[in-house]
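Below is one structure, written out as structure tokens, with a few remarks after it.
Bear in mind these aren't lab numbers, they're just calculated from the coordinates by the rules spelled out. Just so it is clear, the model here is predicted, and its values are computed rather than measured. Backbone-built Cβ (ideal geometry, glycine too); neighbour counts: all protein chains shown.
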Amino acid sequence: MKFFIDTANLAQIKEANDLGILDGVTTNPSLMAKEGVKGTDAIMNHYKTICEMVNGDISAEVFSTDFDGIIAEGKKLAAIHPNIVVKVPMIKDGVKAIKWFTDNGIKTNCTLVFSAGQAILAAKAGAKYVSPFLGRIDDSNWDGVDLIAQIAHIYSVQGFETEILAASIRSSLHIVKCAEAGADVCTCPLDSILGLLKHPLTDIGLAKFLEDAKKM
Ligand code: E4P
């Protein structure tokens, strides 16, 4: 399973990348706004900076919701760097646009996916990634991991090549559950990635080894 970091914060991207386990980055308008990135030039420059930091796919989301607007925006984003993946919402014009991008050699990530039916449409349109939002599903008292497993089963049975990018991760346990359920990629906040490091027995064991090392 690939690890992406789900942020537009450059310090956090650097910290995850320095760990040596980072395969890519996802952003969305909320994450960009949180970093105070405003205006077309600043947005383009921010994506360029991320692409120069991380050697992997970088998802950049369009704001338009009509076919022509999505295509125009997506072309500009894709021109920033070969690693840009155009993130397109799961709406009717979005599906049409994903098919257009696929036919024209531009990689896409179909976002805001909450059902297996939507995941099938994204795969049919040729999306490189499909992003089921498992945390938001959990927030509404459904089981997000079940959806990841269902999509993984369908894609395997049907031979779809679209990669399942588990999004809206809320915890380290979510990452483990996504790996079990067959996600191809997990995009995670930095805290959830670092949380994977932790186990109290590791801390206790290390303290004992260090204590005993003094006797050597
Ligand atoms: C990433 O591609 C998604 O936009 C992101 O994971 C959504 O996360 P949230 O539900 O925590 O906003």
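Things worth noting here:
- Under 12 Å from a label point set 7 Å out along the Cα-to-Cβ vector of A116, the amide N atoms of segment 136-158 belong to 146-158.
- Bridgeable lysines around K214 (alpha carbons under 27 Å apart, same-chain partners fewer than 8 residues away excluded): K198.
- Test item: Cα-centred dipole of the chain, Lys/Arg +1 and Asp/Glu -1 on Cβ, debye: 160 debye
- In a reduced charge model with +1 at each Lys and Arg Cβ and -1 at each Asp and Glu Cβ, segment 103-216 shows a dipole moment near 240 debye about its Cα centre.
- Residue-count net charge about V85 - beta-carbon cut-off 9 Å; Lys, Arg +1, Asp, Glu -1: +2
- Span-rule helices in the chain, defined as complete DSSP H runs reaching 18 Å or more along the axis (Cα) with Kyte mean at least -1.0: 40-53, 144-158, 200-213
- Ranking of V157, V130, V54 by neighbouring Cβ atoms within 10 Å, starting from the fewest: V157, V54, V130.
- Taking other C-beta atoms within 10 Å as the exposure proxy, W142, W100 rank W142, W100 from fewest upward.
- The residue among A79, Q158, V113 whose Cα reaches farthest toward the positive pole of the charge dipole of the chain, with charges on the beta-carbon of Lys, Arg, Asp and Glu, is A79.
- Partner aspartates and glutamates whose Cα lies under 12 Å from the Cα of K76, excluding those fewer than 8 positions away in the same chain, are identified as D41, E61.
- As a proxy for reagent exposure, ranking T7, T65, T187 by other Cβ atoms within 10 Å from fewest up yields T65, T7, T187.
- Surrounding net charge for I137, when Lys and Arg each add one and Asp and Glu each subtract one, Cβ distance under 9 Å: -3
- Springs between Cα atoms under 10 Å define the GNM used for the chain, and in it the highest mean-square fluctuation of Q150, Q158, Q12 occurs at Q158.
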